[in-house]
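Right, I'll just put the structure down here and ask away after.
The values are calculated or read from the model by the stated rules, or taken from the named source; none is laboratory data. Since this is a predicted model, take the numbers as computed values, not measurements. Glycine also receives a Cβ, built like all others from the backbone with ideal geometry; neighbour counts cover every protein chain displayed. Side chains included, ligands, DNA and RNA excluded: accessible areas come from the protein's heavy atoms. Shrake-Rupley method; radii C 1.70, N 1.55, O 1.52, S 1.80 Å.
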Amino acid sequence: MPGWLDEKAIPENRIIQRGTFFPPIASAPFFQQYRPPAELPVETVIAHLEMAVIQVGRQLDRWRQEQTAATLAEVRAETVNGRSELLALWERAVYCEAKAEILKETLTADRRKAAENNAKTGEETEEKYREFSADAIALIVGDDRVHVGSI
């Protein structure tokens, strides 16, 4: 039955790596936490994850060049439950960007009105995930993402 991915149907974990600075992104947590639609082929979801790694990585490239550490894991940061905040934010930025792209793709699919669930697939939800990604990127680079200019 088509619908949102069931936890029992998590595909085999795939690793996506961008260079040596950023840590690899694992697909299994994305499938578990962000539950892409089951009707999307696994390869499509992996492609969205790859594109998200590229997009987020490029947004962070200037910041990365300013770092003296060889990897994101080595950049000095506070920890939450023993894990670097920066690593958690990197994953969140990538996963939320991928989820937004998947939502955008599923909006274009032909769906019956009775089966449409705007809370899961609506345009506002896509934008919310983009905001989550942008917020995580802003926190990594030390920006508050809220700027007030003079009028």
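If you filter the stretch 1-102 for GluC sites (Glu not before Pro), then keep DSSP loop positions with at most 14 other Cβ within 10 Å, what is left?
Within the stretch 1-102, the qualifying GluC sites (Glu not before Pro) (loop, at most 14 other Cβ atoms within 10 Å) are Glu12, Glu39, Glu66, Glu78.
Step through the residues of the stretch 52-69 one at a time and calculate ³J(HN,Hα) from phi using the Karplus curve (6.51 cos²θ - 1.76 cosθ + 1.60, θ = phi - 60°), rounding each to whole Hz and writing x for Gly and Pro.
So the Karplus estimates, Gly and Pro as x, are 5, 4, 5, 4, 5, x, 5, 5, 9, 4, 4, 4, 4, 5, 7, 7, 9, 6 Hz.
Determine the order of Asp144, Asp61 by accessible area, beginning with the largest, at a probe radius of 1.4 Å.
Asp144, Asp61
Moving to a separate point now. Taking K and R as +1 and D and E as -1, what net charge do the other residues with C-beta under 9 Å from the C-beta of Ala52 add up to?
-2
A further question follows. Tabulate in residue order the Karplus-calculated ³J(HN,Hα) for the stretch 82-91, using 6.51 cos²θ - 1.76 cosθ + 1.60 with θ = phi - 60°, rounded to whole Hz; enter x for Gly and Pro.
Once rounded to whole Hz, the list reads x, 10, 4, 4, 5, 5, 5, 5, 4, 4.
DSSP loop trypsin sites (Lys or Arg not before Pro) in the stretch 6-90 with at most 15 other Cβ atoms within 10 Å of their Cβ, which ones?
Sparse-neighbourhood loop trypsin sites (Lys or Arg not before Pro): Arg76.
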